[in-house]
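The values are calculated or read from the model by the stated rules, or taken from the named source; none is laboratory data. Predicted model, so just to flag it, every value in this text is computed and none were measured. Note that each Cβ is placed from the backbone with ideal geometry, even for glycine, and that neighbours are counted across all protein chains shown. We work out accessible area using only protein heavy atoms, side chains counted, and drop any ligands, DNA or RNA first. Shrake-Rupley method; radii C 1.70, N 1.55, O 1.52, S 1.80 Å.
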Amino acid sequence: MLKIEHISKTFNPGTVNEKQAIRDLSLNLEKGDFATIIGSNGAGKSTLFNAICGDFLTDSGAGWTGYYFMPQHVRAKTIGRLYQDPMRGTAPGMTIEENLALAAGKGGWLSHVSRQEKERFHEELKLLDIGLEKRMTQPVGLLSGGQRQALTLLMATLKKPRLLLLDEHTAALDPKMATMNPPKLLLLDEHTAALDPGTAEKVLNLTKRIVEEHQLTCLMITHNMQSALDLGNRILMMDSGDIVLDIHEEEKKGLTVEGLLEKFKTGAGKMLDNDRILLSGEK
């Protein structure tokens, strides 16, 4: 489903700000894999996602089937991406209905949207179960951050993307959303990091349900070590721009947070030094 071979990326080469963000990284995801990714800040987790999206070309290595030689604007037609910032991904000056028309490829022009498509917008907004179907003519800028993230998720899945990237995006979603145009490959970039514990648990349960029901292939970046243990069949541990440990399903069974920390120390040659991750693993 996803194959990356020996990719590397250095930003600002030859300057005092030179930074090797990805270092000879290889990854092969089989269909149905659900891999969580953990690592310190600067380990290269989000940079890997940016490379997949085509935000930049890697300096070396081979990429993923069907995407590597596509420019960013072409990839965007088949990749749905949600960002951590709820202000991104929607047009605040346009109405909810116009934003959905934009996502549907109508340029935001409601005159180009059929009655059947408008009815579909209404019904899929109802699936969010947060009342947006009653506010379709209101500007998106009036919505709360959580409502905008929910709308952005709906927009990203309207045209059935092959690849969906979720960047700490989700708030107060209903499990019925799992029935909407699931992508084949799901990428989640700390999508519960900014949520309160109760909402985060709800979103993680939703994530698990979506992946299982639709047999998706999934990569999920997380700072929560317990979530890394509880979800999926693989754990990828990153450090200094590379995957230093790949823990598969059998080895993952029965593993504790303490055991995971020890494995990171073995793979990276040092202790994990991210306080956010360490505190999230406390029980």
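Values computed for the structure shown
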read-out: Within segment 84-104, tally of residues that are open to solvent by 40 Å² or more (accessible area, probe 1.4 Å) and at negative phi; value: 9
read-out: Members of segment 218-242 that are part of a strand (DSSP E or B) and either without any contact (Cβ under 8 Å) to a residue 12 or more places away in the chain or open to solvent by 30 Å² or more (accessible area, probe 1.4 Å) (or both); value: ASP242
read-out: Selected residue (criterion: modelled with the lowest pLDDT) from residues of segment 253-283 that are among the β-branched types (Val, Ile, Thr) and in contact with a helix residue (DSSP H, G or I) (Cβ under 7 Å, 6 or more places away or on another chain); value: ILE277
read-out: Within segment 22-75, tally of residues that are surrounded by 17 or more Cβ atoms within 10 Å (Cβ to Cβ), assigned to a loop (DSSP other than H, G, I, E, B) and either modelled with pLDDT of 85 or more or of a type in the set (Ser, Thr, Tyr) (or both); value: 7
read-out: Criterion: part of a loop (DSSP other than H, G, I, E, B) and at pLDDT 75 or above - qualifying residue of THR152, THR137; value: THR137
read-out: Residues within segment 105-130 that are assigned to a loop (DSSP other than H, G, I, E, B) and open to solvent by 20 Å² or more (accessible area, probe 1.4 Å), tallied; value: 7
